[in-house]
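The values are calculated or read from the model by the stated rules, or taken from the named source; none is laboratory data. This structure is a prediction, so every number in the text was calculated from the model and none was measured. Here Cβ is always computed from backbone atoms with ideal geometry, including for glycine, and neighbour counts include all displayed protein chains. Surface areas here come from the heavy atoms of the whole protein model, side chains and all, with no ligands, DNA or RNA. Shrake-Rupley method; radii C 1.70, N 1.55, O 1.52, S 1.80 Å.
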Amino acid sequence: MNASALQRGLARVTGSSLGPYQTAVVRIGLSFTWLCYLLREWPNRHELYGPDSPWSWDLARQLIADNHAFTPLMWSRGSLWFETVYALAIVSSALLLLGWRTRTMSVLYMLGVLALQNRSVFIGDGGDNVIHLMALYTVFTRCGQVWSLDARRAARRAGRDAAERGADRDVPGIVLWAACGLALVAAQALGGTGLSWTARGPLPGIGWATALWGLWLVHGLWWLARRHAPGEPRAVLDTLAHLAHNAALLVIMAEVCLIYATAGWYKVQGSRWQDGTALYYPMHLDYFSPWPGLSHLLAGSGVVVLLLSYGTVAVQVAFPFTLLNRRVKNVLLALMMAEHVGIAVLLGLPFFSLAMIVADAVFLPTSFLRRVGAAVRTLVLGARPAARPELPAGPGAVVPGIRREAPPETEKSAP
């Protein structure tokens with residue numbers, strides 16, 4: 001029994017990409033959060049990440065020489081280069097949100113996040129750290145299987161006959177792949193200097209130049225195998241893609257559990273959380289009080305502050321253990337999402353809360369996400385699922401679209 005279960009589990013992990021709706025939610029939610037942040041800070045972009053930042057280009061270069069963080073903004077201090085990187089970050093976020101060429105856009109989205117956040121490391125909050133980490137993990141997921149333009153294009157392609165599929169050369173994909181290759185050549189020749197580009201990278205001993213060139217070559221190999229080697233080579237690449245996707249999904253789930261576990265246990269050690277008064281103080285800070293009247297109203301009740309403080313700690317500490325029980329986990333997910341909505345309203349941290357809600361959504365049931373997707377589709381597009389036809393009863397009833405075989409002669413001549 002155990003061997004059979006292990007075999008079924010191994011076949012599932014290597015034969016399919018798990019959690020297609022969950023990874024789609026991560027893709028849509030995090031790219032939407034980052035896109036909204038970039039658009040909101042458009043008037044302030046020069047002061048936050050650009051040439052007018054108090055954290056100057058020289059100071060950032062000195063820090064990066066020490067921590068070896070990767071950011072293309074260090075390749076030039078010019079305003080035109082900064083505007084180009086910022087605009088590409090916006091465009092890649094929007095295209096990843098729509099699910100257009102998700103393999104390529106996930107890489108460009110990651111580069112945009114790293115470029116800006118590593119340029120000014122003292123700007124941001126916990127939500128930016130979540131976006132930073134998830135951007136790295138999303139590159140390895142097949143996050144465009146559902147709710148994307150890629151999935152729509154794949155469905156249309158599957159509906160064509162073999163001749164039409166063979167004639168489809170995917171010109172936009174080829175052009176995009178070639179443009180990314182030329183960009184890497186230009187970066188290697190002109191701007192890609194320093195340890196953060198060559199020797200230091202996402203993995204020990206692998207620089208960012210090697211990692212990005214490797215991703216570029218893998219994408220090209222995938223296209224060649226899909227078009228010219230549909231047999232065993234394609235099956236091997238599919239298996240490797242499934243393994244990478246499922247491993248990245250597992251890392252995302254573990255990361256969310258780690259965030260809540262460490263946050264909860266650190267709170268337990270704090271005296272303000274132990275006596276239940278921790279939330280009283282941020283509610284009286286002007287910086288964290290977009291609605292002072294509401295904050296002071298809640299902070300005026302000692303019982304409310306006590307319950308919110310203890311409830312926050314209890315939910316965060318207990319969450320990793322509730323994964324063993326589906327019903328308890330779903331209840332706690334609703335409580336945590338409600339908690340982040342409260343943080344967004346009371347403390348004025350909408351992007352942090354949205355990033356955490358999206359990270360929590362990776363644990364939502366697939367059936368619930370499907371219902372939400374159907375509801376959004378009905379609301380936005382006005383599309384309603386087709387009603388099931390009522391089949392006529394009786395052996396001689398005629399059902400439209402179903403061809404009935406004539407009864408054999410033996411039955412016709414039977415007495």
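Computed over the Cα atoms, what is the radius of gyration of the range 265-373 divided by 2.2 N^0.38 Å, N being its residue count? Each step should come with its number before you reach the end.
Working: Rg = 15.2 Å, N = 109, 2.2 N^0.38 = 13.1 Å.
For the range 265-373, the normalised Cα radius of gyration is 1.16.
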Original post:
Using modelled backbone amide H atoms (1.01 Å from N, in-plane), which distant-in-sequence or interchain residues come within less than 5 Å of I206's amide H?
Top reply: G201
Original post:
Which angle between 0 and 90 degrees, to the nearest 10, do you get for helix 102-117 versus the longest principal axis of the chain when only C-alpha atoms count?
Top reply: 10 degrees
Original post:
How far is the Cα center of the range 301-356 from the Cα center of the range 248-281, in Å?
Top reply: 10 Å
Original post:
Can you give the three extents of the C-alpha atoms in the range 263-312 along their principal axes, from longest to shortest, in whole Å?
Top reply: 31, 22, 14
Original post:
Taking 0.36 nm per intervening residue step and subtracting the Cα-Cα distance, what contour gain separates F368 from E232 on full extension?
Top reply: 45.3 nm
Subject >> Rg/Rg_ref, the range 70-179, where Rg_ref = 2.2 N^0.38 Å and atoms are Cα >> reply: 1.28
Subject >> Cα-based equivalent ellipsoid, the range 230-300: semi-axes from gyration tensor eigenvalues, Å >> reply: 48, 17, 7
**OP:** For the range 120-131, take each phi angle, set θ = phi - 60°, evaluate the Karplus expression 6.51 cos²θ - 1.76 cosθ + 1.60, and give the result in whole Hz per residue in order, putting x for glycine and proline.
**Re:** 10, 6, 8, 10, x, 9, x, x, 5, 5, 5, 4
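Computed FRET efficiency, Cβ-Cβ of H296 and A189, R0 56 Å: what is it to the nearest 0.05?
Working from the Cβ atoms, E equals 0.40.
What's the local net charge at A115, with K and R +1, D and E -1, over the other residues with C-beta under 15 Å away?
Combined, the nearby Lys, Arg, Asp and Glu give +1.
Mean 1/r over all different Cα pairs, inverted: what Kirkwood radius does the range 1-97 give, in Å? Intermediate values should be presented prior to the final figure.
Numbers: mean 1/r = 0.0598 Å⁻¹.
The Cα-based Kirkwood calculation yields 16.7 Å.
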Subject >> Sequence-distant residues sharing a close amide H with S17 (under 5 Å, placed H) >> reply: none
Subject >> On Cα atoms only, tilt of 232-268 relative to the major axis of the chain in degrees >> reply: 40 degrees
Original post:
Length gain on complete extension for the stretch N44 to W265, per 0.36 nm per residue less the alpha carbon to alpha carbon distance?
Top reply: 75.9 nm
Subject >> Ratio Rg/Rh [Cα only; Rh per Kirkwood] for the range 302-342 >> reply: 1.02
Original post:
Considering only protein heavy atoms and a 1.4 Å probe, what is the carbon-and-sulfur percentage of the accessible area of the chain?
Top reply: 67 percent
Original post:
What is the projected area of the convex hull of the Cα atoms of the chain, averaged over all directions, in nm²?
Top reply: 31.2 nm²
Original post:
D66 to A211: extension gain in nm, 0.36 nm per residue of separation minus the Cα-Cα distance?
Top reply: 50.1 nm
Original post:
Got a sec? Charge dipole of the chain, +1 on Cβ for Lys and Arg, -1 for Asp and Glu; which of G78, G173, T23 is way out at the positive end?
Top reply: G173
Original post:
Taking amide H positions as placed 1.01 Å from N in the peptide plane, with prolines and chain starts having none, which residues 5 or more places from L349, or on another chain, fall under 5 Å of its amide H?
Top reply: A344
Original post:
On a 0 to 90 degree scale, rounded to 10, what angle separates helix 350-360 from the longest Cα axis of the chain?
Top reply: 40 degrees
Subject >> Where the chain is the region considered: accessible area per residue in Å², 1.4 Å probe >> reply: 58 Å²
Original post:
With charges set only on the Cβ (+1 for Lys and Arg, -1 for Asp and Glu), what does the dipole of the chain come to about its Cα centre, in debye to the nearest 20?
Top reply: 1220 debye
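Say a site is exposed when it is one of the trypsin sites (Lys or Arg not before Pro), sits in a DSSP loop, and has at most 12 other Cβ atoms within 10 Å; what is then the longest site-free stretch of the chain?
170-402
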Subject >> Cα gyration tensor category, rounded, prolate or oblate, for the range 208-253 with a/c compared to 1.5 >> reply: oblate
